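The values are calculated or read from the model by the stated rules, or taken from the named source; none is laboratory data. Please read all numbers here as calculations on a predicted model, not as lab measurements. Virtual Cβ from ideal backbone geometry, glycine too; neighbours counted across all protein chains shown.
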Amino acid sequence: MRRGDVEQLDEAVRPDPTQNDLVGKGMRQWRREVPDIDCSGKAVVGRILHLHDVILRAADENLARHGLKYPTYAVMATLRVQGAPYEMSPKALLRTLILTSGGLSNLLRRMEQADYICRLSDNRDGRGVIVRLTEHGRRIVEPAMHDHAETERRLAGVLSPAEQQVLARSLSRMMAT
């Protein structure tokens with residue numbers, strides 16, 4: 001028997017973990033109770049939604065060491081990776097973050113009070129505003145960025161590099177729809 005054949009045989013006899021995780025159990029209930037509804041999309045979407053909570057809890061636990069929660073960190077890191085002078089319009093920030101405009105306004109107000117950001121008049125549009133990361137904000141976010149990246153690598157590390165690449169491509173295709 002060739003090595004590939006042995007690997008396929010191992011896969012065939014190994015129990016399918018998707019059948020016994022939270023989403024798999026829920027799908028079995030759906031199939032039993034409402035068999036006329038095709039719930040197959042839950043296999044992917046349900047797991048992504050569940051992982052959102054898992055990932056957010058891990059991120060917030062890590063970021064707490066820096067006195068941050070994920071939404072604040074996301075704004076600060078987004079501004080930081082823009083390069084000097086670390087600024088964007090609120091509209092551009094909103095396009096990159098998963099927040100409502102009202103949620104972003106409230107968050108920016110709290111961040112300005114904490115001296116993480118400042119809001120300036122937009123020279124190109126007298127009515128517009130620019131959000132800029134302050135020096136204090138930069139000193140807070142840079143070490144948090146290192147720690148956050150490590151948390152992301154740890155979470156993704158349960159997958160092989162090849163699996164991570166396939167998943168990243170697949171999720172990217174889903175995001176494009």
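Does at least one position in the range 52-62 carry a residue that is in a helix (DSSP H, G or I), among the basic types (Lys, Arg), under 17 Å from the mean Cα position of the chain (by Cα) and in the same structural domain as residue 143 (by TED's automatic domain parsing)? Yes: the range 52-62 contains one or more residues that are in a helix (DSSP H, G or I), among the basic types (Lys, Arg), under 17 Å from the mean Cα position of the chain (by Cα) and in the same structural domain as residue 143 (by TED's automatic domain parsing).
A quick yes/no check of all residues on (1) part of a helix (DSSP H, G or I); (2) among the hydrophobic types (A, V, I, L, M, F, W, C):
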{"position": "71", "(1), (2)": "yes, no"}
{"position": "79", "(1), (2)": "yes, yes"}
{"position": "91", "(1), (2)": "yes, no"}
{"position": "94", "(1), (2)": "yes, yes"}
{"position": "108", "(1), (2)": "yes, yes"}
{"position": "127", "(1), (2)": "no, no"}
{"position": "155", "(1), (2)": "yes, yes"}
{"position": "171", "(1), (2)": "yes, yes"}
{"position": "174", "(1), (2)": "yes, yes"}
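If the Cβ limit is 9 Å and pairs must be 6+ apart or interchain, which residue in the range 78-90 that is free of Cβ contacts under 8 Å to residues at least 24 places away in the same chain pairs with which residue that is assigned to a loop (DSSP other than H, G, I, E, B)? Close Cβ pairs satisfying both conditions: 78/97. Which one is nearest to residue 110 (Cα to Cα), of the residues in the range 125-149 that are in contact with a helix residue (DSSP H, G or I) (Cβ under 8 Å, 6 or more places away or on another chain) and of a type in the set (D, E, K, R)? Per the stated criteria, the residue is 132. Of the residues screened, residue 79 is one that is assigned by TED's automatic domain parsing to the domain that holds residue 170, touching an Asp or Glu at 6+ places or on another chain (Cβ under 8 Å) and buried (at least 16 other Cβ atoms within 10 Å of the Cβ).
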